[in-house]
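These notes concern the structure reproduced below.
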Amino acid sequence: MSAPQAAAPTPQAAKDASQRRQKAMLADYFERLAAARENGTKVVYTFVPGNLVELIDALDMLPVLPEINALQSAMRKRSAGYIAEAEKAGHAEDVCSYVKCDIGMLKSGNTGPTGTKLPEPDLLLLSYTGCFTFMKWFELLRQEYHCPVVMLHVPYQAGGAVSGEMQRYVVDQLRQKVVPALEAVAGRRLDDGALRERLERSRQAEDDLVAVWDSARNRPSPIDAYFGGVYYIGPIFSAFRGGDGAVAYYRELRREVEDRVAHGEGPTTPDGSGAPERHRLVVEGPPNWTHFNDFWRMFSREGAVMVSSTYTRVGGLYDGGFRHDAERPLDSLAEYCLGCYTNLSLPARVDLLERDIRKYAADGFLINSVKSCNSFSAGQLLMLRELEQRTGVPGGFIESDLVDPRYFGKANIENRVQSYLQMLEARGKERTAA
Ligand code: SF4
């Protein structure tokens, strides 16, 4: 699925040191990518869920995450043109819009979000975690780039749990296929110590990120765990996990959030701060990227704060207890891939949402059903009914898209959001009166 983002245009509020740090990290990353060919640095394209950036970095190669390029293009209003380009080349309207945006970008010169050209891949590393589109996407890129592909087949968690057999199957592939393929491109052997160092740094950053998620239990919540959350997951879901930069970023972010808790402050928003907290929502589904700030304001101006979201777990379910582990390098990488949100069954996703509705004392939950992404959208109406039954908390349902602006009907979505929030308001009053 999809990705978060870091390099998204900074919300007004993001004058925090952590945001400035993240921007600098991204600028440096895209500069290194632009100079990769000249410097002889090898480049590995890979997806956000199930990414193995610690392995890539330990071999001094650079990752490129195509979903992030797609969402960045949308935030910069370029996705419509790229999607049109891909559709002209024969890609159907109902294909995942991330794919079409990426293919259109490639056909238009492969200029990255900061205006520099992205290097071609030396390897396509396909960690297959639940979404069939991942496979088709890299088939298309292979036709364009003619570079080798290595696939890590991650068994789907159909039964809602990871068995020892599944774990061994993934570890064996890592050892026998993925690491050798990466070493062949890097031209050298993997240094076990270098990988362990990166995994330890990942763990540190993950501990701090979990503290940030947990802070939403406060009233008011100091964070918006969906709109604000996509900035928070930027470094850890993308190229930076395992690096010193990510450790420093999450340490700083945690301090800033703790400071907001100490001062009783709510989250930052595109307008600086939002209306005082009136509703606490849990969100299922990715955000829309083409009208990101408009979408956010529909909630922040009404005092509706997102206290948790499944989207910000696509690149790792750390608040479920998982950590990368330097003592068990390949095992923990396998566990990470197996546990990605895209690899979970529908019942497991419902359990997760129920957990968070209770944990964060939400008075509502919202499903943003995106047209492009079957991986997320299939079954969401069933999830809605099941969650309402289990928790007694009413759900809202809206439809949009990831990066195709044709499917963001602003007035329609705004009407639905307002009706939903009014209903929550009325319900809250009734409960207070009762
Ligand atoms: S279908 Fe969904 S999960 Fe799959 S690549 Fe597209 S956005 Fe990602």
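Where a number appears in this text, it was derived from the coordinates with a stated rule and is not lab data. Every value quoted in this text rests on a predicted model; they were computed, and no experiment measured them. For neighbour counting, all protein chains shown are included, and Cβ atoms are generated from backbone atoms with ideal geometry for every residue, glycine included.
Remarks
- Taking every C-alpha pair closer than 8 Å and separated by at least 6 residues, the mean separation divided by the residue count of the stretch 235-380 gives a relative contact order of 27 percent.
- Dividing the summed helix terms, -39500 (n - 2.57) for each DSSP H run of n ≥ 4, by the number of residues in the chain produces a 222 nm estimate of -15000 deg cm²/dmol to the nearest 500.
- Hz values of 3J(HN,Hα) by residue in the stretch 84-93 - Karplus curve (6.51, -1.76, 1.60), Gly and Pro given as x: 4, 4, 5, 5, 4, 7, x, 7, 5, 4
- Bridge type composition, the stretch 17-433 - antiparallel percent by DSSP, nearest 5: 10
- Total charge dipole magnitude, the chain, about the Cα centre, Cβ charges on Lys, Arg, Asp, Glu only, Debye to nearest 20: 540
- Protection-proxy order for peptides 323-330, 266-273, each taking the mean of Cβ atoms within 10 Å per residue, highest first: 266-273, 323-330
- Considered as an equivalent ellipsoid built on the Cα gyration tensor, the stretch 89-242 has semi-axes of 28, 25, 19 Å, the largest given first.
- Those residues of the stretch 45-77 whose amide nitrogen sits under 13 Å from the label point placed on C147, 7 Å along Cα→Cβ: 45-47, 61-66
- Alpha carbon convex hull of the stretch 17-433, projected area averaged over orientations, nm²: 19.1
- Taking 7 Å steps out from each Cα toward its Cβ at D192 and R358 produces label points 4.3 nm apart.
- Amide hydrogen neighbours beyond the local backbone of K371, cut-off 5 Å, H modeled: S400, D401, L402
- FRET E, pair F132, E425, Förster distance 25 Å, beta-carbon r, rounded to 0.05: 0.05
- Label-point gap, in nm, between T432 and D214 - each point 7 angstrom along Cα→Cβ: 3.1
- For V393, no residue has an amide H sitting under 5 Å from its own, ignoring neighbours fewer than 5 places away on the same chain, with H placed 1.01 Å from N.
- When only Cα pairs below 8 angstrom with a gap of at least 6 residues are kept, the stretch 294-434 shows a relative contact order of 20 percent.
- When V261, V282, V162, V178 are sorted by how many other C-beta atoms sit within 10 angstrom of their C-beta, beginning with the fewest, the order is V261, V162, V178, V282.
- Taking amide H as placed 1.01 Å from N in the peptide plane, V149 has its amide H under 5 Å from the amide H of L124, each at least 5 places away in sequence or on another chain.
- Cβ-Cβ distance of Q176 and R328, R₀ of 25 Å, FRET efficiency by 1/(1 + (r/R0)^6): the value works out to about 0.90.
- Each residue in K371, K117, K100 was given a count of other beta-carbon atoms within 10 angstrom of its own, and listing them fewest first yields K117, K371, K100.
- Degrees, to the nearest 10: 380-391 long Cα axis against longest axis of the chain: 50
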